[in-house]
Amino acid sequence: MDYKVISAFPIQTHGVTDVAIDAPQKGIPNYKVAKDSQGNLFEVLNPTLPRTHGPAKASFLLKGTFKDDKISLYQ
């Protein structure tokens, strides 16, 4: 599935990025692989807690530094 990225917050000390997408947290399957628009692959480590302001959006912790505004997720 393809999604719009709302935010991508790199955590440099751990080599991961917390990515929030424009999709509700509820009903999102457990994805294993993410791909940016350049074709770079990222391992989806685990879902993270949704943001507390506004409707809960799905978010994931990805291995590596993600910098795109679109993401494709695969099981």
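The values are calculated or read from the model by the stated rules, or taken from the named source; none is laboratory data. Remember, it's a predicted structure, so these values are computed and weren't measured experimentally. Reconstructed Cβ throughout: ideal geometry from the backbone, glycine too, with neighbour counts over all protein chains shown. With ligands, DNA and RNA removed, areas are computed over all heavy atoms of the protein, side chains included. Shrake-Rupley method; radii C 1.70, N 1.55, O 1.52, S 1.80 Å.
Please report the net charge: other residues with Cβ closer than 13 Å to the Cβ of Gly15, K and R +1, D and E -1. Surrounding charge for Gly15 is -1. The distance between label points at Lys63 and Asn46 comes to 1.5 nm (points 7 Å beyond Cα on the Cα→Cβ vector). Place a label point 7 angstrom from the Cα of Ala56 along the Cα-to-Cβ direction, then list the residues of the stretch 1-36 whose backbone nitrogen is under 19 Å away. Answer for the stretch 1-36: 6-7, 18-31. Structural descriptor for the chain: relative contact order 42 percent, calculated from alpha carbon pairs under 8 angstrom and at least 6 residues apart. At a probe radius of 1.4 angstrom, the accessible area of the chain per residue rounds to 64 square angstrom.
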